[in-house]
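Below is one structure, written out as structure tokens, with a few remarks after it.
The values are calculated or read from the model by the stated rules, or taken from the named source; none is laboratory data. All values derive from a computational prediction rather than experimental measurement. We place every Cβ from the backbone using ideal geometry, glycine too, and count neighbours over all the protein chains shown. In case anyone asks, the SASA skips ligands and DNA or RNA and just uses the protein heavy atoms, side chains included. Shrake-Rupley method; radii C 1.70, N 1.55, O 1.52, S 1.80 Å.
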Amino acid sequence: MDQQSIPAPLAGRVGHIAGIESITLDGRRLYFGYDYSDDLVVSPLIDDPAAMARFAAEHLRQTTGAHDAAYWAELVEYAATSSGLAYEEDCVFTTEQMASLPAPGGHLLYLLSTALDHDDRECALPAEALPLLERLGRDPEDVAECVDECLSLLRAEGREAHPDAWLVVQHYLAATLDRLPPTWDAFFAPLRHL
């Protein structure tokens, strides 16, 4: 990313009180703003630490108000080795690893869901997934809990033992990927081929 430019903010997500988080994808560190009180990603993924600091200075706030890029640069540096969302090892992904979902799936699916608008999270399972949930004895009213339960089954016993659970996760993932904001959709496009 050009040192002089910063990406456009995500629609409707300017001015949030937020911190900085990061993930590593195929060895590339990616930063983003995160509103912890709202469980919401509030920026595109940005691979340049200086650009992330400038983005935050322009579009994000702390509880103490607006701050300059130098202030945010310290938070960006901290985010390269620490996370308020997960253990550092859960924030490192590879395309190859993503193909083996659900093994690294819990934090990844959570993170992708927080990149969605709150309304989009509620419709993350299409109608064709509802009979699968019924067969699994799961409550379709709580999508996040259903997906977590399916992931637990898959981790414990594998895809072959629970094909309905795997289909639920696939439906959820496809619906989530279709709704991801700019940059998030591009970086996580390999998940479309699971």
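Across segment 66-85, the qualifying residues are those that are among the hydroxyl-bearing types (Ser, Thr, Tyr) and free of Cβ contacts under 8 Å to residues at least 40 places away in the same chain, and the one among them that is nearest to PRO7 (Cα to Cα) is TYR71.
Report yes if some residue within segment 148-160 is over 17 Å from PHE188 (Cα atoms), open to solvent by less than 20 Å² (accessible area, probe 1.4 Å), more than 20 Å from the chain's Cα centre (by Cα) and touching a residue at least 24 places away in the same chain (Cβ under 8 Å); otherwise report no. Yes, segment 148-160 contains a residue that is over 17 Å from PHE188 (Cα atoms), open to solvent by less than 20 Å² (accessible area, probe 1.4 Å), more than 20 Å from the chain's Cα centre (by Cα) and touching a residue at least 24 places away in the same chain (Cβ under 8 Å). Checking each residue in segment 134-163 for being over 18 Å from LEU109 (Cα atoms) and part of a helix (DSSP H, G or I) picks out GLU134, ARG135, LEU136, GLU157, PRO163. In segment 35-65, which residues are in contact (Cβ under 8 Å) with a residue 12 or more places away in the chain and of a type in the set (Gly, Ala, Ser)? Passing the criteria: SER37, SER43, ALA50, ALA51, ALA53, ALA56, ALA57.
Per-residue answers, yes or no, for (1) among the aromatic types (Phe, Trp, Tyr); (2) under 23 Å from GLN170 (Cα atoms); (3) open to solvent by 10 Å² or more (accessible area, probe 1.4 Å):
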residue	(1), (2), (3)
PHE32	yes, no, no
ILE46	no, no, no
ALA69	no, no, yes
TYR87	yes, no, yes
GLN97	no, yes, yes
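Scanning segment 164-194 for residues that are assigned to a loop (DSSP other than H, G, I, E, B) and either open to solvent by less than 30 Å² (accessible area, probe 1.4 Å) or not aliphatic (A, V, I, L, M) (or both) yields LEU180, PRO181, PRO182, THR183, PHE188.
Of all residues in segment 103-142, those that are at pLDDT below 75, of a type outside the set (A, V, I, L, M) and open to solvent by less than 10 Å² (accessible area, probe 1.4 Å) total 1.
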